[in-house]
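Visitor: Below is the structure I would like to discuss, written out as structure tokens.
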Amino acid sequence: MNDRRRRFELQVLPHLDGAYRFARWLARSPDGVDDVVQEAVLRAFRGFDALRGADARAWLMTIVRNCHFTARKREQRHATEPLPEDSERWNPGTPAANTPGPESVLIARDQQQALVGLLAQLPDDYREVLVLREIEDLDYRQIAAVTGVPLGTVMSRLARARAALRKRWQAQSGPIHAVR
């Protein structure tokens with residue numbers, strides 16, 4: 001194995017799961033997520049020599065974001081409207097559980113599905129910063145680098161995203177107690 005590939009595997013590939021999660025949230029559906037991540041990893045490998053001391057995680061997330069938008073533009077040019085299939089609902093994860101009872105599992109699943117639905121309703125700019133901060137645990141500077149917007153814009157979008165999500169959650173299920 002050559003040195004370049006080894007360095008790529010050590011610096012970039014540990015962030016592959018996060019890149020996949022981010023792509024799933026951006027896409028709002030599982031269709032094409034694998035293609036976006038695969039294209040992002042290929043682009044990252046091709047451009048790996050340009051990564052000099054930068055944050056590999058934020059760099060990869062930026063590439064995933066760009067690949068997603070490129071794929072979305074391509075899809076819009078060739079848009080077709082598929083019929084919705086209720087039997088195939090997208091679920092970006094499963095609830096964590098410490099052997100809870102069936103009632104707890106159902107409640108957690110319903111809350112998770114509600115949260116996924118509410119996140120999907122947020123504008124792309126809000127959902128994007130919220131996922132990068134709360135799910136991928138990127139700091140504000142990394143989010144600014146990924147999204148290509150100033151740090152202040154990241155902070156205001158994040159505050160607005162949290163407020164919008166809180167408002168929608170409260171409208172759906174009553175007040176929530178502990179939200180940042």
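Just so you know, all these numbers are worked out from the coordinates, no wet-lab data involved. For clarity, every value in this text was computed on a predicted model and none was experimentally measured. Don't worry about glycine lacking a Cβ; one is built from the backbone with ideal geometry, like all the others, and counts go over all protein chains shown.
Visitor: If each residue of separation counts as 0.36 nm, what is the full-extension length gain between Arg4 and Lys167 once their alpha-carbon separation is subtracted?
Guide: Once the chain is fully extended between Arg4 and Lys167, it gains 53.9 nm.
Visitor: Okay, next question. Taking 0.36 nm per residue of separation and subtracting the Cα-Cα distance, what length does fully extending Gln112 through Asp125 add?
Guide: 2.6 nm
Visitor: Report the extension gain between Asp34 and Arg46 in nm, rounded to one decimal, defined as 0.36 nm multiplied by the number of residues separating them, less their alpha carbon distance.
Guide: Full extension of this stretch gives 2.5 nm more.
Visitor: Can you give me the pair-distance distribution of the range 98-180, C-alpha pairs, 5 Å bins, whole percents?
Guide: Distribution as computed: 3, 14, 22, 21, 16, 12, 7, 4, 1, 0 percent.
Visitor: Right, another one. Which value, in Å to one decimal place, does the Kirkwood hydrodynamic radius take for the range 1-79 when every pair of different Cα atoms is included?
Guide: This gives a value of 12.9 Å.
Visitor: On to the next question. Which of Glu9, Glu103 has the fewest other C-beta atoms within 10 Å, and how do the rest follow up to the most?
Guide: Listed from fewest to most nearby Cβ atoms, that is Glu103, Glu9.
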